[in-house]
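The values are calculated or read from the model by the stated rules, or taken from the named source; none is laboratory data. The shown structure was predicted, so the numbers you read here are calculated from the model rather than taken from an experiment. No Cβ is skipped: glycine too gets one built from the backbone with ideal geometry, and neighbour counts run over all protein chains shown.
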Ligand code: FES
Ligand SMILES: [Fe+2]
């Protein structure tokens, strides 16, 4: 079973027009610190975060295989036109260390990594979201770093 | 349609195409392999990069040889291997995992050992008659490091340098440029030889991988995907896989290569910055190399990445496979994202490779088919069994002298 990621912090209305860092905003109603889900330029992708912004390769693959082909294709098609901008955005981050990313950047990365998971069944025209004639996914043990990023 | 002829180096001529495959997976054979092959071979057990500072250690279980080892970096920087056994009464010193300690302490009676293996603490030591701590150091296993690859040997007959032959100095700095990006393991109901064999021929790629990497190899000028180059060494085999210059890039792939190094390219290669060991024949349409490090390891080496697959037999019909993928260190997050294509597609390719092993083992173990008939493109498999059979002969020394270089052309320095 896959635990679907539930967004912990919904942005309060009106704060999405924040420009630049810092990314934390005060939710006046609860007094708790909240984060935006994605960098402002990618706010249009926020509805995808809950299902697809998963923390590591293992979770992303299990999620893809567990989804049906139409769901995966819809996600792929939503992401594909946005990927050049995602790459441009990340090329401006001058290191490759995911642990140093702000939470909304990390979620964007995870979304884009899920795009690559989704690309295999869609672009290779599989009949379903897993390959035919492959070693059972449930018997594959993900070791570091595949189990953590 | 033309065909590419494989350029062989080493003795491919005397390989017998018929191989008694069924006898290779029996329990009797495995009992002999364990003693005469695994105990006497240099075995890759992990990368030295995991041992970041003096006192850093990890525990490596080797069920194949019924052993547990502690691999530890000393204060002198050297990496050593010891049996994971306390010299007092034989407690398992470290249960599992990794860490960093100035002294390795035993939980049973409190003895302590230095990262160099010396016995440094004997508790209540005056109760031991004429104690000589120098006789109570940890029991060492031969351990050498090659380009960050840690190897151990339980009964070494030659140095690691001699074991690796001309590969020893052909990869300066190459592996160190890469960092680990993925790793998986599986336990399979199959013989370890079959596992190694399935990664040391390219014949299968047209068929097994049609859903994942249908057109990276071969192409119009090499439709059967003949290996351009294959080198049979005293123990190991190295060959190059042919790139298809007409490979069709999908949109997700094109984006990845636009924003990071092209990791699975087709014929647009610069050879000038490759070390001598990678694409050793400087084949024109080159994709990557496959190296069998005899007995149980397969390395894939590309321009910007390498993979390491290690097969640890638990029994004649049970094997643990560990795969590790390494890639260039990204200089920005776009390159890191670009690697997600290679990382995730590579895993699906691996799952295709693994999927034949249990069925093949079950079919062969029926005993109905004694011999298999192999192509010249499967010469690495034939060589694997030739080397193994040699080591299984009763007099190993005579065998080394017989095969030692005699069947090979003079070594060329690159
Ligand atoms: S067995 Fe280790 S101190 Fe006694
Ligand atoms: Fe394969």
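Table for the structure above
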{"read-out": "Segments classed as strands (runs of 3 or more DSSP E), wholly inside region B:176-277, with at least 3 members that are within 16 Å of ligand 2 (Cβ to nearest atom)", "value": "B:178-188, B:237-242"}
{"read-out": "First in region B:198-209 and within 14 Å of chain A (Cβ to nearest Cβ), second anywhere and assigned to a helix (DSSP H, G or I) and more than 16 Å from ligand 1 (Cβ to nearest atom), Cβ under 7 Å, 6 or more apart", "value": "B:198/B:353; B:198/B:357; B:199/B:353; B:208/B:352; B:208/B:353; B:209/B:349; B:209/B:352"}
{"read-out": "Options B:17, B:31: the member that is in the same structural domain as residue B:307 (by TED's automatic domain parsing) and touching a strand residue (DSSP E or B) at 6+ places or on another chain (Cβ under 7 Å)", "value": "B:17"}
{"read-out": "All positions within region B:254-274 that are at pLDDT 95 or above and either out of contact with any helix residue (DSSP H, G or I) (no Cβ under 6 Å at 6 or more places or on another chain) or surrounded by fewer than 18 Cβ atoms within 10 Å (Cβ to Cβ) (or both)", "value": "B:254, B:257, B:258"}
{"read-out": "Region B:79-103 - residue that is near ligand 1 (Cβ under 10 Å from one of its atoms) and surrounded by 13 or more Cβ atoms within 10 Å (Cβ to Cβ) and, of those, farthest from the other protein chains (Cβ to nearest Cβ)", "value": "B:88"}
{"read-out": "Residue pairs meeting the criteria (Cβ under 6 Å; at least 6 apart or on separate chains; first facing chain B (nearest Cβ under 9 Å), in region A:105-125; second not in a helix (DSSP H, G or I))", "value": "A:123/B:250; A:124/B:211"}
{"read-out": "Condition met for residue B:289 (surrounded by fewer than 22 Cβ atoms within 10 Å (Cβ to Cβ) and away from chain A (no Cβ under 13 Å))", "value": "no"}
{"read-out": "Search result, residues across region B:55-72 that are touching a strand residue (DSSP E or B) at 6+ places or on another chain (Cβ under 6 Å) and outside any strand (DSSP E or B)", "value": "B:55, B:63, B:64"}
{"read-out": "Subset of region A:133-147 [over 14 Å from residue B:325 (Cβ atoms) and within 7 Å of chain B (Cβ to nearest Cβ)]", "value": "A:133, A:134, A:135, A:139, A:141"}
{"read-out": "Which listed residue is without any contact (Cβ under 8 Å) to a residue 60 or more places away in the chain and away from ligand 2 (no atom under 16 Å from the Cβ), from B:150, B:139", "value": "B:139"}
{"read-out": "Filter result for the condition that a residue is more than 14 Å from every other protein chain (Cβ to nearest Cβ) and modelled with pLDDT of 95 or more, over B:321, B:299, B:333, B:307", "value": "B:299"}
{"read-out": "Residue pairs meeting the criteria (Cβ under 8 Å; at least 6 apart or on separate chains; first within 15 Å of residue B:363 (Cβ to Cβ), in region B:18-41; second modelled with pLDDT under 95)", "value": "none"}
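For every residue, the table says whether it meets (1) assigned by TED's automatic domain parsing to the domain that holds residue B:83; (2) closer than 30 Å to residue B:336 by Cα; (3) buried (at least 19 other Cβ atoms within 10 Å of the Cβ).
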| site | (1), (2), (3) |
| --- | --- |
| B:148 | yes, yes, no |
| B:166 | no, no, no |
| B:172 | no, yes, no |
| B:176 | no, yes, no |
| B:181 | no, yes, yes |
| B:184 | no, yes, yes |
| B:188 | no, no, yes |
| B:192 | no, no, yes |
